[in-house]
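The values are calculated or read from the model by the stated rules, or taken from the named source; none is laboratory data. This is a predicted model, so every value here is computed, not measured. Reconstructed Cβ throughout: ideal geometry from the backbone, glycine too, with neighbour counts over all protein chains shown.
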């Protein structure tokens, strides 16, 4: 036990820094977010004027046109689109990449099972997966926060693909895999991971078609089987009274195995788990907290400092001003991209109407909650309308080709910003502490989480449009970090 407590000082300091979002922009997590915010502000001003990139684009354009002259112009998966986007980070963020060797180890999809469990038809399930549900469970703010919560590579890959594009096939594979009977230790990990993934999806959609009772049952069952993420959630529930009577002894007992495993992992979730465990273990309400405090170097002093900083920061964070402004900025940037796309393609039937709303709502320096909600709703509706119109646009003037290429580059950069910002805000809420979160903040963080999917939809719309109009697009070299928090420092043995 002494070994895993040696790192408590580092963990608590990391947690303390991370919760100081408005005050400490130089902290690891929020320093990165500040950089992302600067990228976001400058995104609309950036142009693809680099001559080397232009030459590369022209050369690739010529090669692509020659190789795809016989391609089906009505297909969104044309040769031009495939060549332009193969093996890029943005492609990996936006589109599931099925690995046959991974899926071969998983069960075959069971559509009947998910229709029975959810009590819905295939059509109804498709509608459910397209929705942004209202969450009342702070420990499942979005599904992406648990992308690193699995013990097997197979379910990590499967769950990751479902996150990129929620679909019935992957859901049915997750469900079927969770029911497999096996005596193999490795396969049991896969089954338990699938059970946890299936539980998360039911809990996440519990107010929009998910079976919340089944999800809760499966979460507990997975925790009893020592599934990494499930034991963490069970600990959080006991510590905060989510469907449990508050009991810090039970909370520590459930979370301890996950905490110990987290010390050998270097992803963001592992650091969040470390911070949350020590916050619970060192709480004065835990009967044996002094044992942890004595074993952890200066842990009690650090605990008081952390509590003070939580208290100071929570007053500023609970009104969600910071989150509200970022949702507004992300949506405004998306709106600008959509307007450019509508103008280039001549497909914006609702363009002038949207412009009027956009101009009014986008120029507010301190937008209210009502303003943010209104611009999000208006932009979502305009994007849906534009997507439909683009499908019917088959011609493009030669003069518009450079504009389409520039717009594609801007969109790929925006995908990267939206993805990394969503990760950052989810982590910040988890590190803030579940007791300091209100529903306004959760709803705003969910909106940030939806930005990646919406950005990918714009990108795919441009790809489809380019495939029909013989425009060869060059993948943008966007550097996107998958981990937002600073790497964990190695412990001295």
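General observations
- Residue in region 123-132 that is assigned to a loop (DSSP other than H, G, I, E, B) and free of Cβ contacts under 8 Å to residues at least 40 places away in the same chain present: yes
- Exactly one residue out of 236, 203 is in contact with a helix residue (DSSP H, G or I) (Cβ under 7 Å, 6 or more places away or on another chain) and either farther than 18 Å from residue 171 by Cβ or outside any helix (DSSP H, G or I) (or both): that is 236.
- In the set (1) closer than 24 Å to residue 232 by Cα; (2) surrounded by fewer than 17 Cβ atoms within 10 Å (Cβ to Cβ), the condition left unmet by residue 140 is number (2).
- Hits in region 144-156 - residues which are part of a helix (DSSP H, G or I) and crowded, with 19+ Cβ neighbours inside 10 Å: 145, 146, 154, 155
Results for (1) touching a helix residue (DSSP H, G or I) at 6+ places or on another chain (Cβ under 6 Å); (2) at pLDDT 85 or above, shown as yes or no for each residue.
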{"site": "72", "(1), (2)": "no, no"}
{"site": "81", "(1), (2)": "yes, no"}
{"site": "113", "(1), (2)": "yes, yes"}
{"site": "126", "(1), (2)": "no, yes"}
{"site": "142", "(1), (2)": "yes, no"}
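Results for (1) outside any loop (DSSP other than H, G, I, E, B); (2) under 19 Å from residue 456 (Cα atoms); (3) in the same structural domain as residue 325 (by TED's automatic domain parsing); (4) at pLDDT below 85, shown as yes or no for each residue.
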| residue | (1), (2), (3), (4) |
| --- | --- |
| 349 | no, no, yes, yes |
| 355 | yes, no, yes, no |
| 358 | yes, no, yes, no |
| 361 | yes, no, yes, no |
| 379 | yes, yes, yes, no |
| 385 | yes, yes, yes, no |
| 394 | no, no, yes, yes |
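- Only one of the listed residues (275, 222) is farther than 26 Å from residue 175 by Cα, crowded, with 16+ Cβ neighbours inside 10 Å and over 20 Å from the mean Cα position of the chain (by Cα). That residue is 275.
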